[in-house]
Amino acid sequence: MTNIPSNVQAYYNGAFLPLDQVSISPFDRGFLFGDGVYEVIVSYDSKPFYLDQHMERLERSLKFCRIAPQQDMTEIVEALFEKNRHLGNHLACYLQISRGVDYPRQHQHSSNVEPTIFGYCFAPVIKSFEDKKTGLSLKTVADIRWLHCDIKAITLLPNGLAKQQAIDLGYDDALQIREGEVKETSSGNIFFVKQNTLYTPESDNEILHGVTRKLLSEIAKAEALELVERKIFTEELTEFTGAFLCSTISEITPITQIDEYVYSLNEDLYTRLHLAFNALK
Ligand code: PDD
């Protein structure tokens with residue numbers, strides 16, 4: 001059995017308590033139906049990083065799912081970072097909100113069901129700038145997710161299976177492809193490089209609108225790089241000279257291989273993007 005740490009303060013339905021003391025009903029619709037949404041936020045030196053943008057996305061996800069918690073989500077996240085300062089200077093906070101506990105089991109939900117809110121922090125292990133230069137390898141896999149990947153739903157079964165499939169074949173992560181179009185990795189957005197231009201798939205309903213993706217787009221413009229948001233097809237993968245993935249947890253990470261095709265590191269560009277990103281912390 002996995003050991004759940006007791007030195008982490010969690011939030012669960014109105015109370016702060018040690019993480020190993022949280023227990024959730026099997027009749028929670030999150031467990032039975034994957035009926036819920038979540039958000040991931042990091043803090044650097046005790047300052048939450050672009051918290052408003054994460055909270056706006058959470059609001060959108062909740063609204064789409066018609067889940068309406070009464071509590072102030074921003075306050076909960078800030079309190080979790082504060083109460084877990086002892087874990088380190090760089091923390092990640094997962095906030096999970098399900099529709100709540102409902103009985104009997106039925107697809108539709110009762111009108112009086114109260115959302116379950118659970119949050120906790122941990123110190124993420126991220127690779128150093130130098131270590132990231134090795135780059136990640138991606139395996140293209142069919143994107144079998146639903147048509148609302150812009151909603152940060154807790155139903156991550158396809159994402160998990162995609163990553164496992166890639167790992168089993170000796171790659172680091174999966175690159176999800178829908179009808180010949182490149183979408184995103186199992187848990188991050190993707191950018192490609194050709195000369196002085198960055199290319200990234202359009203932010204429609206088939207990808208998550210990443211907070212880091214937005215930051216990277218702004219950085220690209222500030223760095224006088226051209227940024228093109230458009231459909232990217234698998235046949236084009238060999239035409240790019242480099243690629244990066246980005247997410248709240250992994251920040252900006254170079255990709256040096258997709259299937260058998262090898263990309264160069266683009267070290268100068270990576271250094272510029274990395275420095276500009278760090279300056280935002
Ligand atoms: N994942 N795409 C997917 C499918 C994701 O799960 C994530 C984030 C991103 C990047 O979004 P952002 O830059 O806002 O973190 C893109 C988080 C880190 C996770 O689920 O753990």
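Ordering H148, H54, H86 by the number of other Cβ atoms within 10 Å of each residue's own Cβ, fewest first, gives H86, H148, H54.
The chymotrypsin sites (Phe, Trp or Tyr not before Pro) of the range 133-199 that DSSP puts in a loop, and whose beta carbon has at most 16 other beta carbons within 10 Å, are W146. One equal scatterer on each Cα of the chain, no solvent, Debye formula: the resulting log10 I(q)/I(0) at q = 0.17 Å⁻¹ is -1.44. For the chain, find the longest principal axis of its Cα atoms and tell me its angle to the long axis of helix 73-83, 0 to 90°, nearest 10. It is inclined by approximately 90 degrees.
Charge tally around V8: other residues with Cβ under 12 Å, Lys/Arg +1 each, Asp/Glu -1 each, net +1. For the chain, the longest principal axis of the C-alpha atoms and the axis of helix 211-222 are separated by about 30°. Note: the range 129-278, Cα convex hull, 100 Å³ per residue.
Checking every one of the trypsin sites (Lys or Arg not before Pro) in the range 1-98 against DSSP loop status and a limit of 14 other Cβ atoms within 10 Å picks out R66. Mean separation of Cα pairs under 8 Å and 6 or more residues apart, divided by the residue count, gives the range 125-228 a relative contact order of 25 percent. By the rule of a C-alpha distance below 13 Å, with chain neighbours fewer than 8 residues away ignored, the aspartates and glutamates paired with K231 are E179, E181, E184, E202, D204, E206.
All of the numbers you see were taken from the coordinates with simple rules; none came from a lab. Here the structure is a predicted model, which means the values were calculated and not measured. Glycine gets a Cβ as well: all are built from the backbone with ideal geometry, and neighbour counts include every protein chain shown.
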